[in-house]
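Undergrad: I have a structure I would like to understand better, so I am pasting it below and will then ask my questions one at a time.
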Amino acid sequence: MSQRYCYWSVATGPYAAPMERCIASARESGVFKEFHVLTDRPIEDCECYDAQTVEKTDGMFKLIYLKAGMSKLLFYYFIWVDADSFFVRNPRNVLECLGKSPIHVPLTTNLSALTEDKSLKGISTRQYSELMTSAGVQNPVYLSASSFWIVQRQAIDRVVELATHFRAFAKEKGFAADVSACLGYAMQMLCANPEAHRLNARPDLWASDDQNHFEGVMPENAAWRFADRFTGEKLEVNPSIIHLPHS
């Protein structure tokens, strides 16, 4: 089972068509690893499973399906990709981004270094950083997303436990933590060097097109500028996997 990994996702309703497009782009890019998808309709070129009715508002369904479904499959690593993702080439050494950590969630903004407090999903960036620190994060606090992440099979229970703990902790403090915050907390508790998981550490692997760089055009295998939405800092990226949140 060592080094075996698969891609997986949940694609129900309107997300089934983007998921099919995502898988097709992977195959066209030379990616022949298995895709395992929980869905409510057949999707081409992947292993399909019946998705149950799970609340999707805060994204925690990803962790529910991870523990209840994916953990039963005989893979050593599971790579989540949102349905609205696109492959432009086969990722190189995709598991190297883990380093010695059992989980990889791409980190963007260093919130602890921000000098100006800004709004972030019903909470300020300063409050978010303080919440993470109060919950046990000892390193600088980074922002993360949940549209692409990797977890080691043996760490699934621990990751879900930490994510659930943070969600409950945030609720006690009067805040609603979504899956991005919960996964970010779990990773920053489990990895010794969060800097190694920042977007700039693997600009060839994954990035989210938050600024709609590819509006109206198909993503290409070419470099483009990713801009941090809080600091404005620009980074040249040429990711193998592109998240298209506006598609």
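The values are calculated or read from the model by the stated rules, or taken from the named source; none is laboratory data. The structure displayed is predicted, hence computed values, not measured ones. Note that each Cβ is placed from the backbone with ideal geometry, even for glycine, and that neighbours are counted across all protein chains shown. Protein only, heavy atoms only, side chains kept; ligands, DNA and RNA dropped before computing areas. Shrake-Rupley method; radii C 1.70, N 1.55, O 1.52, S 1.80 Å.
Undergrad: Out of everything in region 168-178 that is in a helix (DSSP H, G or I) and of a type in the set (Gly, Ala, Ser), what residue ends up being most open to solvent (accessible area, probe 1.4 Å)? Can you show your working first?
TA: Keep residues of region 168-178 that are in a helix (DSSP H, G or I), which gives 168-172.
Checking which are of a type in the set (Gly, Ala, Ser) leaves us with 168, 170.
On the way: ALA168: 53, ALA170: 0 Å².
Per the criteria, the residue is ALA168.
Undergrad: Moving to a separate point now. Quick one: HIS213 ticks every box in (1) over 22 Å from GLN138 (Cα atoms); (2) in contact (Cβ under 8 Å) with a residue 60 or more places away in the chain except a single one, so which number is it?
TA: Just one mismatch for HIS213, condition (2).
Undergrad: Out of everything in region 52-91 that is over 17 Å from ARG21 (Cα atoms), in contact (Cβ under 8 Å) with a residue 24 or more places away in the chain and aliphatic (A, V, I, L, M), what residue ends up being most open to solvent (accessible area, probe 1.4 Å)?
TA: Ranking the candidates gives LEU74 first.
Undergrad: For region 179-192, which positions are surrounded by 17 or more Cβ atoms within 10 Å (Cβ to Cβ) and either part of a loop (DSSP other than H, G, I, E, B) or not aliphatic (A, V, I, L, M) (or both)?
TA: SER180, CYS182, GLY184, TYR185, GLN188, CYS191
Undergrad: Next question. Mind telling me which of the residues VAL217, VAL160 ends up being at negative phi and modelled with pLDDT of 95 or more?
TA: Values: VAL217 fails: modelled with pLDDT of 95 or more.
Matching residue, one of VAL217, VAL160: VAL160.
Undergrad: Hey, another quick one. I'm trying to understand the selection: among the residues of region 130-158, which are within 30 Å of MET19 (Cα to Cα) and either among the polar types (S, T, N, Q) or part of a strand (DSSP E or B) (or both)?
TA: Going through region 130-158, the residues within 30 Å of MET19 (Cα to Cα) turn out to be 142-158.
Result: TYR142, LEU143, SER144, SER146, SER147, PHE148, TRP149, ILE150, VAL151, GLN152, GLN154.
Undergrad: Another question about this same structure. Could you list, in sequence order, all residues of region 193-247 that are hydroxyl-bearing (Ser, Thr, Tyr) and either assigned to a loop (DSSP other than H, G, I, E, B) or exposed (fewer than 12 other Cβ atoms within 10 Å of the Cβ) (or both)? Steps first, answer last, please.
TA: Of all residues in region 193-247, those hydroxyl-bearing (Ser, Thr, Tyr) come to 208, 231, 240, 247.
Those that are hydroxyl-bearing (Ser, Thr, Tyr) and either assigned to a loop (DSSP other than H, G, I, E, B) or exposed (fewer than 12 other Cβ atoms within 10 Å of the Cβ) (or both): THR231, SER240, SER247.
Undergrad: Follow-up. Could you please give the count of residues in region 1-37 that are among the hydrophobic types (A, V, I, L, M, F, W, C), open to solvent by 10 Å² or more (accessible area, probe 1.4 Å) and closer than 16 Å to ILE79 by Cα?
TA: Total meeting the criteria: 3.
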